[in-house]
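Heads up: the structure comes next, in structure tokens.
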Amino acid sequence: MDTETTGKYTFETGIYRPPSEGGSCSLLLRLTRNCPWNKCTFCGMYKDEKFMLRSSEEIKKDIDSISGIRNDLKTISRELGFGGELNRDVVIEMIRKNPSLNTNHGFSMVLEWLFSGGKTAFLQDANSLIMKSDKLIDVLRHLRKSFASLNRVTSYARSKTLARKNQEELQGIREAGLDRLHVGLETGDDKLLKKVKKGVSSEEHIAGGRQAVKAGFQLSEYWMPGLGGKERWKPHALGTARVLNEINPHYIRSRPFFPFPGTPIYEEHTRGELGMLSPREQLTELKLMIDELDVTSRVCFDHMGNCWRNGNGGLLFSQDYEGYKFPEEKSFLLKLIEEGMEAQASLWQNPL
């Protein structure tokens with residue numbers, strides 16, 4: 001937990017957010033602490049940390065503290081003759097008046113957000129929608145009222161939580177100002193979901209995803225190429241495509257599997273019980289999954305883990321947050337995958 005305490009500027013931030021939220025310099029606002037499930041064998045986030053709900057009043061005080069930073073910066077700007085505009089001189093004067101801000105990471109985050117236009121916010125931690133709907137709506141309304149510049153508010157969510165909320169609740173949350181949801185699908189293979197202790201079935205993934213789309217949320221679903229290893233790569237690819245076809249989310253985002261030290265699946269890997277796919281085998285799996293997709297989604301590789309290479313040694317896929325539009329760019333993406341497979345074959349035939 002990272003609580004930034006600097007006089008009247010007191011608010012709490014977490015650690016994690018999607019890459020796209022970093023790219024847009026989102027305001028990070030912590031609604032819950034850590035993960036309410038926290039049993040996935042592949043995940044190293046939030047380990048040894050207890051899940052806690054934060055009260056809506058506590059969260060609204062954080063919003064007020066951040067609003068206070070913005071307002072005081074504007075006041076200083078006017079005093080210096082800049083008419084409320086934010087610039088380096090204004091920040092220096094703010095820190096001169098409040099020296100402890102110089103080492104306040106939350107203040108740095110707020111500055112980046114303001115300099116980027118204050119357009120997006122991300123609600124931390126792993127599943128903000130686990131809050132009672134009326135409390136979440138209260139927070140969202142206060143957030144939107146406090147920061148009129150916001151044009152997108154995003155959160156992580158679990159499929160099971162979405163499936164359990166009724167449409168009236170979800171639509172109320174959407175109308176209160178939550179725009180986009182990021183959901184960890186990981187796989188559509190039920191045996192693999194059970195093995196990695198995801199705590200959700202493929203049908204619950206479908207139900208939750210459909211609920212979110214119907215309520216008007218912009219939905220990003222994340223899957224993990226390579227998670228099934230050599231044993232279940234084909235059911236993993238086919239099952240994932242099936243679930244995604246049923247949901248038809250706005251975004252499908254690739255997060256290739258890597259066994260992180262300290263996770264149960266890493267221990268499985270070190271014992272030789274998990275056959276990892278080679279880069280070429282990963283692309284074979286990816287090709288099967290992509291070929292089976294029948295969606296109007298944008299398929300994205302916006303993470304450094306998507307590091308497959310083309311024949312020239314460059315990145316195979318664009319890591320742009322908007323990715324490839326389906327079905328229009330499906331054939332192009334399949335050609336890229338084939339190029340990557342050929343590059344891998346050439347690498348093995350002609351090692352350095």
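One table, with the values for the structure above:
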item: Residues located in segment 251-263, provided they are of a type outside the set (Val, Ile, Thr) and either buried (at least 18 other Cβ atoms within 10 Å of the Cβ) or outside the structural domain of Arg298 (by TED's automatic domain parsing) (or both); result: Tyr251, Arg253, Ser254, Arg255, Pro256, Phe257, Pro259
item: Subset of segment 118-160 [more than 20 Å from Lys39 (Cβ to Cβ), among the small types (Gly, Ala, Ser) and in contact (Cβ under 8 Å) with a residue 12 or more places away in the chain]; result: Gly118, Ala121, Ser133, Ser146, Ser149, Ser155
item: Search result, residues across segment 129-152 that are under 15 Å from Leu27 (Cα atoms) and polar (S, T, N, Q); result: Ser146, Ser149, Asn151
item: Residues of segment 314-337 that turn out to be touching a strand residue (DSSP E or B) at 6+ places or on another chain (Cβ under 6 Å) and in a strand (DSSP E or B), as a count; result: 2
item: Positions within segment 249-263 being in contact with a strand residue (DSSP E or B) (Cβ under 9 Å, 6 or more places away or on another chain) and more than 19 Å from Lys234 (Cβ to Cβ), in sequence order; result: Pro249, His250, Tyr251, Arg253, Arg255
item: Test for Gly239: is it modelled with pLDDT of 95 or more and over 25 Å from His303 (Cα atoms); result: no
item: Test for Glu203: is it closer than 24 Å to Leu288 by Cβ, surrounded by fewer than 20 Cβ atoms within 10 Å (Cβ to Cβ) and acidic (Asp, Glu); result: yes
item: Looking only at segment 264-307, and only at residues there that are touching a His at 6+ places or on another chain (Cβ under 9 Å) and farther than 19 Å from Trp233 by Cα, the one that is surrounded by the fewest Cβ atoms within 10 Å (Cβ to Cβ); result: Thr296
item: Search result, residues across segment 199-221 that are of a type outside the set (A, V, I, L, M, F, W, C) and touching a Gly at 6+ places or on another chain (Cβ under 8 Å); result: Ser202, His205, Glu221
item: Candidate set from segment 71-88 (those that are exposed (fewer than 14 other Cβ atoms within 10 Å of the Cβ) and acidic (Asp, Glu)); member that is nearest to Gly117 (Cα to Cα); result: Glu85
item: Only one of Glu267, Glu281, Glu246, Glu285 that is acidic (Asp, Glu) and within 20 Å of Ser159 (Cβ to Cβ); result: Glu246
item: Residue count for segment 27-43, restricted to those that are over 24 Å from Arg70 (Cα atoms) and surrounded by 14 or more Cβ atoms within 10 Å (Cβ to Cβ); result: 10
item: Pairs where the first residue, in segment 334-352, is under 21 Å from Ser254 (Cβ atoms) and the second is surrounded by fewer than 20 Cβ atoms within 10 Å (Cβ to Cβ) and modelled with pLDDT under 75, C-beta under 9 Å, 6+ apart; result: none
item: All strands (runs of 3 or more DSSP E) inside segment 159-254 with 1 or more residues being more than 24 Å from Met131 (Cα to Cα) and among the small types (Gly, Ala, Ser); result: 251-254
item: Any hit, segment 86-100, residues being in contact (Cβ under 8 Å) with a residue 40 or more places away in the chain and among the hydrophobic types (A, V, I, L, M, F, W, C); result: no
item: Number of positions in segment 44-60 that are exposed (fewer than 14 other Cβ atoms within 10 Å of the Cβ) and more than 26 Å from Thr263 (Cα to Cα); result: 2
item: Search result, residues across segment 116-139 that are of a type in the set (Gly, Ala, Ser), crowded, with 23+ Cβ neighbours inside 10 Å and out of contact with any Leu (no Cβ under 6 Å at 6 or more places or on another chain); result: Ala126
item: Within segment 306-342, considering residues that are in contact with a helix residue (DSSP H, G or I) (Cβ under 7 Å, 6 or more places away or on another chain) and among the small types (Gly, Ala, Ser), the one farthest from Gly226 (Cα to Cα); result: Gly311
item: Gly106 being surrounded by 20 or more Cβ atoms within 10 Å (Cβ to Cβ) and more than 25 Å from Val213 (Cα to Cα); result: yes
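To keep it simple, each residue is scored yes or no on (1) of a type in the set (A, V, I, L, M); (2) assigned by TED's automatic domain parsing to the domain that holds Leu140; (3) more than 21 Å from the chain's Cα centre (by Cα); (4) under 27 Å from Thr161 (Cβ atoms).
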{"residue": "Pro19", "(1), (2), (3), (4)": "no, yes, no, yes"}
{"residue": "Arg30", "(1), (2), (3), (4)": "no, yes, no, yes"}
{"residue": "Lys61", "(1), (2), (3), (4)": "no, yes, yes, yes"}
{"residue": "Gly68", "(1), (2), (3), (4)": "no, yes, yes, no"}
{"residue": "Glu85", "(1), (2), (3), (4)": "no, yes, yes, no"}
{"residue": "Arg88", "(1), (2), (3), (4)": "no, yes, yes, no"}
{"residue": "Leu111", "(1), (2), (3), (4)": "yes, yes, yes, no"}
{"residue": "Gly118", "(1), (2), (3), (4)": "no, yes, no, no"}
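The values are calculated or read from the model by the stated rules, or taken from the named source; none is laboratory data. The structure displayed is predicted, hence computed values, not measured ones. Every residue, glycine among them, receives a Cβ derived from its backbone with ideal geometry; neighbour counts consider all protein chains shown.
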